[in-house]
1. Which value, in nm² and rounded to one decimal, describes the direction-averaged projected area of the C-alpha convex hull of region 21-99?
2. Please give me the summed charge of the neighbours of residue 76: other residues whose Cβ is under 13 Å from its Cβ, Lys and Arg +1, Asp and Glu -1.
3. What does the charge add up to near residue 52, with Lys and Arg as +1, Asp and Glu as -1, over the other residues with Cβ less than 11 Å from its Cβ?
4. Let me spell out the model: positive unit charges on the Cβ of Lys and Arg, negative unit charges on the Cβ of Asp and Glu, origin at the Cα centre of region 19-99. What dipole size does that give, in debye rounded to 20?
5. For region 15-76, what is the relative contact order in percent, using Cα pairs closer than 8 Å and at least 6 residues apart in sequence?
Amino acid sequence: MATLIIEGEENFNHIIRVLNTNLNGKQKVMFALTAIKGVGRRISNLILKRANIDLNRRAGELTEEEMEKVVTIVQNPNKYDIPQWLLNRKWDPVDGESS
């Protein structure tokens with residue numbers, strides 16, 4: 001089994017609490033975000049590209065500002081030009097609006 005060597009351990013978070021979900025800080029950011037309900041690998045990839053975050057970084061290496069940017073994009077995907085077809089709920093049966 002391989003071990004993960006973390007450089008700059010003082011700035012590394014092993015568990016990150018985001019949107020009522022615990023993210024594993026040792027995983028790469030793209031795969032760690034998939035723990036959030038409704039976020040898959042494709043949309044996770046697009047969210048990180050919109051936030052200008054390197055896909056090869058570990059989730060525990062992100063700063064507070066970067067995590068806040070990711071959270072705002074997850075909460076408001078239409079504002080950041082994420083296509084409607086990529087969202088889980090394309091239209092609401094009650095009012096017909098995309099969410």
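Any read-out appearing in this document is the output of simple, stated calculations on the displayed coordinates, not a laboratory observation. The structure presented is a predicted model; accordingly, all values stated were derived computationally and were not measured. No Cβ is skipped: glycine too gets one built from the backbone with ideal geometry, and neighbour counts run over all protein chains shown.
1. 5.2
2. +1
3. Working: positive: 49, 50, 69; negative: 54, 66.
Spelling it out: positives minus negatives among the neighbours equals +1.
4. On the way: 13 positive and 10 negative charges, 89 e Å.
Magnitude of the dipole: close to 420 debye.
5. Values: 74 pairs, mean separation 20.9, N = 62.
Computed over region 15-76, the figure is 34 percent.
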